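**Student:** Below is the structure I would like to discuss, written out as structure tokens.
The values are calculated or read from the model by the stated rules, or taken from the named source; none is laboratory data. Just so you know, these numbers come straight off a predicted model, no measurement behind them. So basically every Cβ, Gly included, is an ideal-geometry build from the backbone, and we count neighbours across all protein chains shown. The area values use the complete protein model at the heavy-atom level, side chains included, leaving out ligands, DNA and RNA. Shrake-Rupley method; radii C 1.70, N 1.55, O 1.52, S 1.80 Å.
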Amino acid sequence: MHVVLPDGTHLDLPDGATGHDAALAIGPGLAKAAVAVRVGGEVRDLARPLADGEEIAIVTGKSGDDHLYVMRHSAAHVLAEAVMTLFPGTRFGFGPPIADGFYYDFELDQPLTEDDFPAIEAEMQRIAKAKAPFERTVMSIPDARAFFAEREQPYKVDQVEELGRQGESDVSLYREREFIDLCRGPHVHDTGRIGHVRLLSVAGAYWRGTEANPMLTRVYATAFPTKADLDEHLERLEAARARDHRRVGRDLGIFHFDEAGPGFPFFLPRGMIVVNEIQSALRSELDAMGYQEIRTPTLLSDELWKQSGHFEHYKDNMYFTEVDGQGFAVKPMNCPGACLVFRSTRRSYRELPLRLAEFGHVHRHELSGVLHGLFRVRAFTQDDAHVFCRMDQVQTEVRSILDLTERFYARFGFRDVAMFLSTRPAKATGTPAMWDQAEEALRLALGDREYGMKEGDGAFYGPKIDIQVTDSMGRSWQLGTCQLDFYMPERFGLGYTTADDTEERPVIIHRAITGSLERFLGILLEDTGGDLPFWLAPEQVRVIPVSDRHAVYSDEVCATLRESGLRAEVDTRGETMGRRIRDGELGKVPYLLIVGDREVETRTASVRARHGGQEGDVPLTGLAEALRAGAPTA
């Protein structure tokens, strides 16, 4: 038989040859460095046989993500073995690699905390030094079920039964030393190749993500090939912790969560200033582009959600109630309401494209275990818009949306923008022909822009362009989206009168720039560490009188700045001036104005700028203009 190498050449091998045999045939050095083999789109163990004609690539320590995936997958098994050794009787669940690391879920008879990490890491090092090989075996579904039932591992039994329901007849198991786990693989050759491991945190996680199931203990960890790589990653994590938006939001008085409403954020006065500034910045863009703003009800008949298709696809994430004997649902999305606005009057082709914008407050039920600050909440505001247009207007409209998105992100300092075309998912409404037409329209609208593909990741009603940004710490975030929809106009019977007085269906472009204002704000707080640009800072200027006798003039300075439209406060606390200056710096206030005898006499203010720009004594007359002129722009 033969296999095809990445450069297109054929490698002849004996029947039944494995990935290791292929690496050895290419060269002994490669066989020594090999970790796994990529066969088409799947990474496999080196010990598994290859088939005639398969396209393969040998995975080594230089193979980037493939190597990290295999290494971390193997480290997860070593973690599970270490926990089982230290905590006999532990029941174990899932243990997959994830972005930047891996985790494993356990059910234990006693609490496991971060205080246990040193002992677990020491046990993992002992297992690694043993260099025990990972050995793959195959069992039938009945035998595997009996195997794990005998060992009192109910979550593995559940996994085996689920695979059986999915039509599998056999499953693979991996052994290192005495530890055996249900697993598809692949794994490194032996435990000595799991790299440098660090346990990171403990969290709770429902089995299979369902609240009705038991709560397990999830241990997060990471692994890297070298200690230098691990140390660099840990430094990034420490920087991220310092910028955690939950911490920054609390310290700066931006938002708050209360046990009376888990997952429902409370925005404090300073937070509302920031939110309103973001909305104002977007509104000014939309006004210039001919958008019209609407507001639709929060509570709508559940029949409407059945008509739109959301009930079928999202009912588990919706909130329902009853009014006067009729079923209602709290809206999880704004699009059905926008359709009703379009349908509220007779429409002509002259009105198209009709651009309807809405800062809609939506609610979605999220499991308590996945709630995470402003990143995962149960109520949020979408900066939504629905563009109703003709098919020949789609490309122009989508291009203008993409231009707006890039322009708006740049205002906040996000200039590393990536776009992805998401195509038809497994659960999709509409005909294949409709989807093909919609996907082609978006491809043409993207034009010369670089973009990636997300096969099968479209919305249930149409394909979309997803837009990501990279923050100051190199992390990628999904923000905007632009979705093309031929389905909902049909479901709602939407139409417009053409030039020849016939009725046609419009196309809907669903688009959001920030995605949700809450999540966008959380990302912005982490990107900046709360050091927001001058125009967005909730407190732009803080006046600090040196002593009580300077309070009257300080109030005058503050009033002058406020009259000029700046957000200014006076700090008259009884703390020392040094402490008040320090608090202003910790509060990320762009400008601190020191007022003492000299400033009162000369009617000036001594300016301390957080980021350079205007500094020194500045006359009160023209002070606001000088501060604006000296403030850095995004």
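**Student:** Is it the case that PRO336 is under 17 Å from MET488 (Cα atoms), in contact (Cβ under 8 Å) with a residue 24 or more places away in the chain and not in a helix (DSSP H, G or I)?
**Tutor:** Values: under 17 Å from MET488 (Cα atoms): yes; in contact (Cβ under 8 Å) with a residue 24 or more places away in the chain: yes; not in a helix (DSSP H, G or I): no.
Spelling it out, it is not the case that PRO336 is under 17 Å from MET488 (Cα atoms), in contact (Cβ under 8 Å) with a residue 24 or more places away in the chain and not in a helix (DSSP H, G or I).
**Student:** Now for a different question. When residues of the stretch 134-191 are filtered for being open to solvent by 10 Å² or more (accessible area, probe 1.4 Å), touching a Ser or Thr at 6+ places or on another chain (Cβ under 9 Å) and hydroxyl-bearing (Ser, Thr, Tyr), how many remain?
**Tutor:** Adding up the residues that qualify gives 4.
**Student:** Within the stretch 115-131, can you find the residues that are within 25 Å of ARG218 (Cβ to Cβ) and touching a Ser or Thr at 6+ places or on another chain (Cβ under 7 Å)? Let's see the steps before the verdict.
**Tutor:** Here is the first cut: in the stretch 115-131, the residues within 25 Å of ARG218 (Cβ to Cβ) are 115-128.
Listed by number, the residues that qualify are GLU123, ILE127, ALA128.
**Student:** Any residue in the stretch 26-33 that is open to solvent by 30 Å² or more (accessible area, probe 1.4 Å), part of a helix (DSSP H, G or I), of a type outside the set (Asp, Glu) and at pLDDT 95 or above?
**Tutor:** Kept after step one, since they are open to solvent by 30 Å² or more (accessible area, probe 1.4 Å), are these residues of the stretch 26-33: 26, 28-30, 32-33.
Among the residues that remain, those that are also part of a helix (DSSP H, G or I) are: 26, 28-30, 32-33.
After this cut, where a residue has to be of a type outside the set (Asp, Glu) as well, the list is 26, 28-30, 32-33.
Pick out the ones that are also at pLDDT 95 or above and you get none.
Looking for residues that are open to solvent by 30 Å² or more (accessible area, probe 1.4 Å), part of a helix (DSSP H, G or I), of a type outside the set (Asp, Glu) and at pLDDT 95 or above, one finds none in the stretch 26-33, hence no.
**Student:** In the stretch 42-61, which residues are in a strand (DSSP E or B), among the hydrophobic types (A, V, I, L, M, F, W, C) and closer than 19 Å to GLY8 by Cβ? Break it down stepwise before answering.
**Tutor:** At the first step, the residues of the stretch 42-61 found to be in a strand (DSSP E or B) are 42-44, 49, 55-60.
The next check asks that each one be among the hydrophobic types (A, V, I, L, M, F, W, C); those that pass are 43, 56-59.
Once the filter is applied, which keeps residues that are in a strand (DSSP E or B), among the hydrophobic types (A, V, I, L, M, F, W, C) and closer than 19 Å to GLY8 by Cβ, the stretch 42-61 yields ILE56, ALA57, ILE58, VAL59.
**Student:** Now, a different point. How many residues are open to solvent by 30 Å² or more (accessible area, probe 1.4 Å) and among the hydroxyl-bearing types (Ser, Thr, Tyr) if we restrict to the stretch 457-481?
**Tutor:** Qualifying residue count, the stretch 457-481: 3.
**Student:** Here is a further query. Give the residues of the stretch 378-395 that are open to solvent by 10 Å² or more (accessible area, probe 1.4 Å) and in contact (Cβ under 8 Å) with a residue 40 or more places away in the chain, sorted by residue number.
**Tutor:** The answer is ARG378, PHE380, THR381, GLN382, ASP384, ARG390, MET391, GLN393, GLN395.
The rows are residues; the columns are (1) touching a strand residue (DSSP E or B) at 6+ places or on another chain (Cβ under 8 Å); (2) of a type in the set (S, T, N, Q); (3) in a loop (DSSP other than H, G, I, E, B); (4) at pLDDT 90 or above.
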position	(1), (2), (3), (4)
GLU526	no, no, no, yes
ASP531	no, no, yes, yes
ARG582	no, no, no, yes
LEU593	yes, no, no, yes
GLU599	yes, no, no, yes
GLY613	no, no, yes, no
THR621	no, yes, yes, yes
GLU625	no, no, no, yes
PRO632	no, no, yes, no
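**Student:** Please indicate, with yes or no, whether at least one residue in the stretch 160-181 is at positive phi and touching a helix residue (DSSP H, G or I) at 6+ places or on another chain (Cβ under 8 Å). Let's see the steps before the verdict.
**Tutor:** We begin by selecting, within the stretch 160-181, every residue at positive phi; these are 167, 177.
If we keep only those that are touching a helix residue (DSSP H, G or I) at 6+ places or on another chain (Cβ under 8 Å) as well, we get 177.
Yes: the stretch 160-181 contains one or more residues that are at positive phi and touching a helix residue (DSSP H, G or I) at 6+ places or on another chain (Cβ under 8 Å).
**Student:** Any idea how many residues of the stretch 482-496 are open to solvent by less than 10 Å² (accessible area, probe 1.4 Å) and among the acidic types (Asp, Glu)? Reasoning before the result, please.
**Tutor:** At the first step, the residues of the stretch 482-496 found to be open to solvent by less than 10 Å² (accessible area, probe 1.4 Å) are 482, 484-485, 488-489, 492, 494.
Now restrict to residues that are among the acidic types (Asp, Glu): 485.
Residues in the stretch 482-496 being open to solvent by less than 10 Å² (accessible area, probe 1.4 Å) and among the acidic types (Asp, Glu): 1 in total.
**Student:** State which residue pairs qualify: first residue of a type in the set (Lys, Arg) and inside the stretch 496-509, second residue surrounded by 10 or more Cβ atoms within 10 Å (Cβ to Cβ) in any location, beta carbons under 8 Å apart, and separation of 6 or more residues or different chains.
**Tutor:** Final answer for the pair search is ARG505/PHE486; ARG505/PRO489; ARG505/GLU490; ARG505/LEU494; ARG505/GLY495.
**Student:** Only one of ARG198, ARG175 is outside any loop (DSSP other than H, G, I, E, B), within 26 Å of THR85 (Cα to Cα), at pLDDT 95 or above and not aliphatic (A, V, I, L, M). Can you tell me which? Even if it seems obvious, please write down each step before you answer.
**Tutor:** Numbers: ARG175 fails: at pLDDT 95 or above.
Every option except ARG198 fails the conditions.
**Student:** Report, by residue number, each residue of the stretch 230-265 that is open to solvent by less than 60 Å² (accessible area, probe 1.4 Å) and in a helix (DSSP H, G or I).
**Tutor:** LEU230, ASP231, HIS233, LEU234, LEU237, ALA239, ALA240, ALA242, HIS245, VAL248, GLY249
**Student:** While we're here: Only residues that are exposed (fewer than 15 other Cβ atoms within 10 Å of the Cβ) and either outside any helix (DSSP H, G or I) or hydrophobic (A, V, I, L, M, F, W, C) (or both): list them for the stretch 553-576, please.
**Tutor:** ALA559, SER564, GLY565, ARG573, GLY574, GLU575, THR576
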